[in-house]
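The values are calculated or read from the model by the stated rules, or taken from the named source; none is laboratory data. If you're wondering where the values come from, they're calculated on a predicted model, not measured in any experiment. For neighbour counting, all protein chains shown are included, and Cβ atoms are generated from backbone atoms with ideal geometry for every residue, glycine included. The protein model used for the area step is the full one, side chains on, heavy atoms only, and it has no ligands, DNA or RNA in it. Shrake-Rupley method; radii C 1.70, N 1.55, O 1.52, S 1.80 Å.
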Amino acid sequence: MKFYLTTPLYYVNDTPHIGHAYTEVAADVLARTERLLGKDVFFLTGTDEHGQKVATAAKALNLKPKELADRMSKRFQKLWERLNISYDRFIRTTEAEHEEMVKKVFHKLYQKGDLYQGTYKGYYCVHCESYILPSHLQENLCPDCGRKVGSLKEPTYFFRLSKYQKDLLSHIDAHLEFIGPPQRRNEVISFIRRGLIDLSFTRRSCEWGIPIEEDFTIYVWFDALLNYLSGVGYLSNSKLFGKYWPPDVQFIGKDIIRFHDIMWPAILFSLSLPLPKKIFAHGWWKIAGEKISKSKGEAISPQDIISEFGVDPFRYFLLREIPFGADGEYSYAAFVKRYNSDLANDLGNLLHRTLTLIDNSFDGKIPKSSGSSGERLKEKSLSLAGILPQIEALKYSEVLSKIWEVVAVANKYLDEKSPWRLSQREAGPALYNVLETLRIVALSLKPFLPASSSKIAEGLGIGEEFKKENFKKIQWGVLPEGRKIKRERPIFPRKK
Ligand code: MSP
């Protein structure tokens, strides 16, 4: 079975910050989960390189837009590599193949009669790369980002968005899963009900874009959205496209809902293509109540956090700290707190002290399991067999907290049993139970913390078989007795 998922393309005017990493890590967890289930996954991500915003940023640095794009696109790719992002394709909107496809799609829409010439008169927000109606201005500022807007009057090609209003509403109505979470769905429905107007799909005054006709460039959002098609071979590789289309899940942040939940499906209607199954919008990471963005984000770069704490702690914090879909505050103090309590203390310490006990009293070999009395621990561990639907429903934070409930029960069990005070005969099975719980915990964490879960498995002496295992191995009694464990230094050393 195939599974196609996407992230938005990141603007190259900005260095990658926590907000970008969030979308990417969230998508990676789902990609890894679906691969574990044996699905044929195609995970698309990349960079959005045209438009006025990028051109302006390049000018300020005395660079050509493409030079800035080359530089920044690399930075995103480097960060994704470091973050263990398992994408299958990284697309850049300046690739020739993408540009060619965009032009072809433009002509298709024109031939269909969905593009027509006119004049756009109104406002434009460069930060959002978005047209703003005079009636939508808020105290003369952009209603979405609160920045200054420019006024614009230019000839253009309009897209008949209004024509698809009815189709959109009935599609949303008939497909509960299409827009998530539900709050966003309601927002989109009420926005559409207020009436859609046709959208300018070209720019006359922005040179940095895909050229069309003599005097126009393609509007950057139209260009960028089409990556979800070109990235998977639309009009160039029918085999690839036929295999993966439509997307199963598209990840976005809540700031780009209207583009993805209205403009994008309307384009697909116009092209007579099936719509994505699910478009899910997550919330914002904020600092002192404000969305992290270029200016705010640079103070805390993901690279710095990773250097200090490691890749998996960063992935863990992003997904555990706030429910996926809601907003949350980022702070160094909150990060250290979460790291020390959940990773260093609860999980890391459980692993380390158990392996130390095995090393000291059992010659480093997994003891026999028989005669144990760990029913509650077993039951709790096996409850993790039910996390898959929750992961697929993108309830990441809930899943992680469920896994940590198991870790807590295991810690309590170890304290209560105090194997260091028991005879070998009694201590062995108790330690086996804890190790088996750790194996199940590591398996459940595989998509979230890929490197650390492997490290735990290596510690338990099952590194090789673990590589191939998935949630089906959430069963009791799998760990082979007598297997040599491997005690290393604590995987999450405590921070001061
Ligand atoms: N280029 C467009 C997307 C085009 S997709 C066809 C864009 N780029 S962006 O770089 O501004 O944002 C990319 C993603 O990062 C979005 O999903 C956005 O929501 C996310 N984030 C950027 N800042 C964020 C936070 N502070 N918090 C969480 N995510 C946010 O929009």
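Figures for the structure shown
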{"item": "Those residues of the stretch 1-12 which are surrounded by 24 or more Cβ atoms within 10 Å (Cβ to Cβ) and in a loop (DSSP other than H, G, I, E, B), in sequence order", "result": "VAL12"}
{"item": "Output for the stretch 278-290, where each listed residue is within 12 Å of the ligand (Cβ to nearest atom) and among the basic types (Lys, Arg)", "result": "LYS286"}
{"item": "Residue under evaluation TRP284, criteria (1) among the aromatic types (Phe, Trp, Tyr); (2) open to solvent by less than 30 Å² (accessible area, probe 1.4 Å); (3) within 22 Å of LEU400 (Cα to Cα), criterion not met", "result": "(2)"}
{"item": "Count of the stretch 259-277 residues which are within 15 Å of the ligand (Cβ to nearest atom) and either under 17 Å from SER190 (Cβ atoms) or of a type outside the set (Val, Ile, Thr) (or both)", "result": "10"}
{"item": "Residues being open to solvent by less than 50 Å² (accessible area, probe 1.4 Å), more than 12 Å from the ligand (Cβ to nearest atom) and not small (Gly, Ala, Ser) - total across the stretch 291-301", "result": "0"}
{"item": "Residue match in the stretch 108-130 (condition: within 18 Å of TYR228 (Cα to Cα) and of a type in the set (D, E, K, R))", "result": "yes"}
{"item": "Test: residue in the stretch 464-482 that is hydrophobic (A, V, I, L, M, F, W, C), touching an Asp or Glu at 6+ places or on another chain (Cβ under 6 Å) and over 24 Å from GLU398 (Cα atoms)", "result": "yes"}
{"item": "Qualifying residues in the stretch 217-245 (those that are assigned to a loop (DSSP other than H, G, I, E, B) and not aliphatic (A, V, I, L, M)) - the one nearest to the ligand (Cβ to nearest atom)", "result": "GLY231"}
{"item": "Count of residues meeting criterion [over 22 Å from the mean Cα position of the chain (by Cα) and either without any contact (Cβ under 8 Å) to a residue 24 or more places away in the chain or surrounded by 20 or more Cβ atoms within 10 Å (Cβ to Cβ) (or both)] in the stretch 241-255", "result": "2"}
{"item": "Which listed residue is out of contact with any Leu (no Cβ under 7 Å at 6 or more places or on another chain), charged (D, E, K, R) and modelled with pLDDT under 95, from GLU213, GLU207, GLU308", "result": "GLU213"}
{"item": "Selection status of LEU226, more than 18 Å from LYS104 (Cα to Cα) and touching a residue at least 60 places away in the same chain (Cβ under 8 Å)", "result": "no"}
{"item": "Members of the stretch 439-459 that are of a type in the set (A, V, I, L, M), over 19 Å from GLY386 (Cβ atoms) and open to solvent by less than 10 Å² (accessible area, probe 1.4 Å)", "result": "LEU449, ILE456, ALA457"}
{"item": "Selection status of THR33, more than 16 Å from the ligand (Cβ to nearest atom) and either in a helix (DSSP H, G or I) or open to solvent by 10 Å² or more (accessible area, probe 1.4 Å) (or both)", "result": "yes"}
{"item": "Output for the stretch 466-496, where each listed residue is assigned to a helix (DSSP H, G or I) and open to solvent by 60 Å² or more (accessible area, probe 1.4 Å)", "result": "LYS467, LYS468, LYS472, LYS473"}
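Table: residues versus (1) touching a Phe, Trp or Tyr at 6+ places or on another chain (Cβ under 8 Å); (2) more than 10 Å from the ligand (Cβ to nearest atom); (3) open to solvent by less than 10 Å² (accessible area, probe 1.4 Å); (4) in contact (Cβ under 8 Å) with a residue 40 or more places away in the chain.
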{"position": "HIS17", "(1), (2), (3), (4)": "no, no, no, yes"}
{"position": "ASP28", "(1), (2), (3), (4)": "yes, yes, yes, yes"}
{"position": "LYS39", "(1), (2), (3), (4)": "yes, yes, no, no"}
{"position": "THR47", "(1), (2), (3), (4)": "yes, no, yes, yes"}
{"position": "LYS53", "(1), (2), (3), (4)": "yes, no, no, yes"}
